[in-house]
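Take a look at the structure set out below.
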Amino acid sequence: MTDVRHVLVLPDRDAAEQLAEELPDRFGVPEEPQLVRDALAGEDDAEDAQWLVVVEDPQRRLDPKELDALAAEFEGWLEAP
């Protein structure tokens, strides 16, 4: 069985940081999520960057629908695997 990695896409760093803070409380995520800046293709302006929150889920405990709903609260979404 391979580890599962969930990638949540957020519109900006503030939203990504807030969502990352919510994850342990709501889902009991043991490891701190990784925040990654994702510049859109062809853009080098920081204003055009999306932020990714990467959540490792080795025991497959997290419900993708619930993660997507959480991301939606921050105007983001769960990237399809």
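A compact table of results
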read-out	value
Coil-residue GluC sites (Glu not before Pro) of segment 1-39, DSSP, other Cβ within 10 Å capped at 14	31
Extension gain, residue 5 back to residue 34 (0.36 nm per residue minus Cα-Cα distance, nm)	9.4 nm
Residue-by-residue Karplus 3J(HN,Hα) for segment 71-77, coefficients 6.51, -1.76, 1.60, Hz, glycine and proline x	4, 4, 4, 10, 6, x, 7
Surface/4 of the Cα convex hull for the chain, nm²	5.4 nm²
Dipole of the chain, positive end: most advanced residue of 35, 4, 76 [Cβ charges, Cα centre]	4
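We did not get these values from a lab; they are worked out from the coordinates using the rules stated. These numbers were taken from a predicted model, which means no experiment stands behind them. Quick reminder, even Gly has a Cβ in these numbers, built from the backbone with ideal geometry, and neighbours come from all protein chains shown.
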